[in-house]
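Structure record follows, encoded as C-alpha cells.
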Amino acid sequence: MAVARAQAVVNGVTINLAYNATSKKWSGSGSAPTKSSYPKGGYYNVTLTAWDEAGNKTTVDATHTTLGSALRLVVKELTAPVLTITYPSASARIINNKPAITWTVTDNDSGVNPNTIGITIDSGTKITGTSITKEAVSEGYKCTYTPGSALSDGSHTIKVDASDYDGNAATQKSVTFIIDTIPPTLNISAPAEGVKTNNATVTVSGKTNDATSAPVTLTVKLNNGTAENVTVGTDGAFNKSLTLVEGSNTITVVATDAAGKTTTITRTVVLDTHAPAFSDIVITPNPVNVGVSFTVSVTITDT
C-alpha cells in the first residue's frame, strides 16, 4: 500500500509534505517560530504524521526513542539583551568611595543568562558571579555591585556586559563618574581670629580650591544674617567686605565643591568704637615741692 499524504506540525503550524520522485523523500518548508526555543526546553517538538491509501496513520515526535532527537527543532533568536546603567549617572560626583553601582539587563525572548552578567571598573578584570547581586525583574535582572575596595578620588569608568541564552551579546554600556571624598581647601588670610578693631568695615579674604571637584562656591555670613555668595577667582582667591556691629561679631565662611563637600571656618572679630574715659583723677601731693616725687592716680573705664 502506498503513502497517500504526510505532514509536519511545529508549534501548532502544519506543514504539508510533498513527495519528490527523484529523491524519494517527502518534504515541505515552513517558517521557524518567532521566539527562541530555549524557554521551551531548548527545542520545538516536530510531529510527523503519514497516512497510507487505506487510511492507516503513523505519528512520531521528539519523544520517539529512535527518531526523537531528529525531531527537535532548535530556534535561536537574533536580538541581544538591553543594558541600562541606573547609577551612577554620567559625570556624577560621588562622595562615597564604595558606591552601590546598579544596572538592569533585559531580554524578552531566550532570556538573560545570569552567568554572563559582568562589570569592569576602569582597566580592571571583569567581575562576574555572586559578587554581583541579581534581583529577578520582568524579562531580566536588576544588578547591584559594591566595590570591595574603596575607589580612589578622581575619575572612574564602569562597563557592564551580558548575553542571552542564545549567545547574543548586549551592546556594552559604560559611564564615567567622579569620586570626591575630600572637602575643598579653605584658608582665611584676614581677619585674624579674635582681632579687635575700631573700624566698622572689615574685609574677609583668603583662598579656596578643590583638586577633584572644582570650581568651588563660597558663602560668607556675618552673625545671624544671610549667607552671601562670594565670587571666587580663577586662582581661588576671594574677598568680601562686611560691616561689623558693636561688640563681638562671628564671621562664617563656607566653601562647597561640586560634589557637595564643604569646609567651614569661623572668625570672631570685636568692634570697639568707644574710647577710654577718665575719672577720679588725683595727684598726690599737689602742690609738690621742686624735685619731690608725686603720684598720679586715675580711674580709666572702657566700654
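The values are calculated or read from the model by the stated rules, or taken from the named source; none is laboratory data. Predicted model, so just to flag it, every value in this text is computed and none were measured. As a convention, Cβ positions derive from the backbone with ideal geometry for all residues, glycine included, and neighbour counts pool all protein chains shown. Keep in mind that these areas ignore ligands, DNA and RNA; they rest on the heavy atoms of the full protein, side chains included. Shrake-Rupley method; radii C 1.70, N 1.55, O 1.52, S 1.80 Å.
Things to note:
- Summing charges over neighbours of Gln7, with a neighbour being any other residue whose Cβ is under 15 Å away from its Cβ, gives +1 when K and R count +1 and D and E count -1.
- Bridgeable lysines around Lys221 (alpha carbons under 16 Å apart, same-chain partners fewer than 8 residues away excluded): Lys240.
- From most to least packed by mean Cβ count within 10 Å, the peptides 91-97, 295-301 give 91-97, 295-301.
- Rounded to the nearest whole Hz, the Karplus-based 3J(HN,Hα) values (6.51 cos²θ - 1.76 cosθ + 1.60, θ = phi - 60°) of the range 269-286 follow the sequence 10, 9, 9, 10, 9, 8, 6, x, 10, 9, 7, 6, 7, 9, 10, 10, x, 8, with x at glycine and proline.
- Residue-level accessible surface for Asp161, protein heavy atoms, 1.4 Å, Å²: 30 Å²
- Over 20 Å between alpha carbons, listed pairs Lys40/Lys142; Lys142/Lys173; Lys35/Lys173; Lys25/Lys57; Lys76/Lys173; Lys142/Lys261: Lys40/Lys142; Lys35/Lys173; Lys76/Lys173; Lys142/Lys261
- Solvent exposure ordering (accessible area, 1.4 Å, most first) of Lys173, Lys207: Lys207, Lys173
- Residue-level accessible surface for Glu246, protein heavy atoms, 1.4 Å, Å²: 90 Å²
- In terms of its C-alpha gyration tensor, the chain comes out prolate, because a/c is 1.5 or above and the ratio a/b outweighs b/c.
- Debye, to nearest 20: dipole size of the chain, +1 on Lys, Arg Cβ, -1 on Asp, Glu Cβ: 1220 debye
- Förster radius 35 Å - calculated FRET efficiency between Ala150 and Thr79, Cβ distance, rounded to 0.05: 0.35
- Counting charges near Val74 (Lys, Arg +1; Asp, Glu -1) among other residues having Cβ under 11 Å from its Cβ returns a value of +2.
- Solvent-accessible area per residue in the chain equals 58 Å², computed with a 1.4 angstrom probe and all protein chains kept.
- Net charge of neighbours whose Cβ lies under 13 Å from the Cβ of Gly118, counting Lys and Arg as +1 and Asp and Glu as -1: +3
- Theoretical FRET efficiency, 1/(1+(r/R0)^6), r = Cβ-Cβ of Thr201 and Ser279, R0 45 Å, to 0.05: 0.90
- In the chain, the portion of solvent-accessible area held by carbon and sulfur atoms comes to 51 percent [1.4 Å probe, whole percent, DNA, RNA and ligands not counted].
- Looking at the chain alone, DSSP beta bridges between its own residues are antiparallel in about 95 percent of cases.
- Using a cutoff of 8 angstrom between alpha carbon atoms and counting only pairs six or more residues apart, the relative contact order for the chain works out to 12 percent.
- With both labels modelled 7 Å from their Cα along Cα-to-Cβ, the Thr217 to Thr47 distance reads 7.0 nm.
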